[in-house]
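Heads up, the thing below is written out as structure tokens.
The values are calculated or read from the model by the stated rules, or taken from the named source; none is laboratory data. What you see is a predicted model; the values in this text were computed from it and never measured. No Cβ is skipped: glycine too gets one built from the backbone with ideal geometry, and neighbour counts run over all protein chains shown.
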Amino acid sequence: MNNDRVLIRTRTAADDEACVAVMRRTHELDAYPIYWPSSPAGFLRAKGETDAWVAVDEADGRVLGQVALHRAEGEPVLALAQEATGLPAERLAVLARLLVHPDARGRGVGRALVRTAAARARATGRRAVLDVLQSTTGPAALYESEGWVRLGPTSLDLSDRGFGDVPPLQLWVYLAPEAG
């Protein structure tokens, strides 16, 4: 998929360093991820990942962003998504780790990554769901402009993830539009 000289391709291990750099810059400016992980590359390649892509500037080869799909296993989005769709967990895919370098914003990078991941979920018989911090407005506006439906709130307890004594994350859960 091309978009304003941006190529979306499968993420490889060779992209890890560049993806971590994008995540670091996003964290510095937007506090996403809200807590910096002890293993940044491990955070990006989280357990349950089934597919992942990067957005690359065709002119200079720079990685501009990334996104992944994960199996819906123990995710906070799972209960709301199953209730809304009636689908079993294996028919859901969690869109996660959407990152766009701040310098690349406004070029359609995030939109292209979201569309790529949602299309892959549909092509494999799954429906994409995601969660996003309630305190952010930009990502939610992107999802809503793409037809994603806000299902409701949930929270994510991070107490067992090595971040110390931090409050649970307050999240919105979104469901991708049906194919058609």
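List of remarks:
- Tabulated pairs, the range 85-107, first within 13 Å of residue 49 (Cα to Cα), second of a type in the set (Gly, Ala, Ser) and part of a helix (DSSP H, G or I), C-beta under 6 angstrom, 6+ apart or interchain: 92/81; 93/121; 95/117
- Being crowded, with 23+ Cβ neighbours inside 10 Å and either among the aromatic types (Phe, Trp, Tyr) or farther than 26 Å from residue 17 by Cα (or both) holds for only one residue in 109, 77, 94, and it is 77.
- Unique match (being touching a helix residue (DSSP H, G or I) at 6+ places or on another chain (Cβ under 8 Å), modelled with pLDDT under 95 and either buried (at least 19 other Cβ atoms within 10 Å of the Cβ) or over 22 Å from residue 147 (Cα atoms) (or both)) among 33, 102: 33
- Some residue of the range 28-51 being touching a residue at least 60 places away in the same chain (Cβ under 8 Å), over 30 Å from residue 155 (Cβ atoms), more than 17 Å from the chain's Cα centre (by Cα) and outside any helix (DSSP H, G or I): no
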